[in-house]
1. Give the Cα extents of the chain along the principal axes, in whole Å, largest first.
2. Give me, ordered by chain and number, the residues 5 or more places off Val26 or on other chains with an amide H under 5 Å from its own placed amide H.
3. Report in % the part of the accessible area of the chain that belongs to carbon and sulfur, leaving out ligands and nucleic acids; probe 1.4 Å.
4. Amide H of Ile36: which non-local residues (sequence gap of 5 or more, or other chain) have their own amide H closer than 5 Å, using H built in the peptide plane?
5. Go through Lys31, Lys22 and list them by solvent-accessible area, largest first, probe radius 1.4 Å.
6. Need the full-extension length gain, Ala54 to Val20, defined as separation in residues times 0.36 nm minus the C-alpha distance. One decimal, nm.
7. Normalised by the number of residues in the chain, what is the relative contact order in percent for Cα pairs under 8 Å and 6+ residues apart?
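The values are calculated or read from the model by the stated rules, or taken from the named source; none is laboratory data. No experiment lies behind these values; they were computed from the predicted model shown. Accessible surface areas use protein heavy atoms only, side chains included; no ligands, DNA or RNA. Shrake-Rupley method; radii C 1.70, N 1.55, O 1.52, S 1.80 Å.
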Amino acid sequence: MSETFVVCVRNEGFEASLEVRKLYRVIPDPKAESLIRVVDESGEDYLYPEDLFASVEVNQETAAGLSTR
């Protein structure tokens, strides 16, 4: 299964939790309608409005490197 990554494009209301222009790994959550689950700056995973993010395509080698962080 390939991993999905997003970049935060705005963080209004979530300034302490999300950094603009930072990549976040998406944690699949089939019950999260119009929300996206990412591990934020606290180190915990939370749901955020998906319009705060833009999808990013990365190759397998890059995804593997990002996932080890």
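1. In descending order, the Cα extents are 34, 25, 20 Å.
2. Amide H to amide H, under 5 Å and 5 or more residues apart or across chains, Val26 pairs with Thr4, Phe5, Val6.
3. Solvent-exposed carbon and sulfur of the chain make up 48 percent of the total.
4. Under 5 Å from the amide H of Ile36 lie the amide H atoms of Tyr48, Glu50, each far enough along the sequence or on another chain.
5. Sorted descending by solvent-accessible area, the residues read Lys31, Lys22.
6. Contour length minus the Cα-Cα distance gives 11.2 nm.
7. 33
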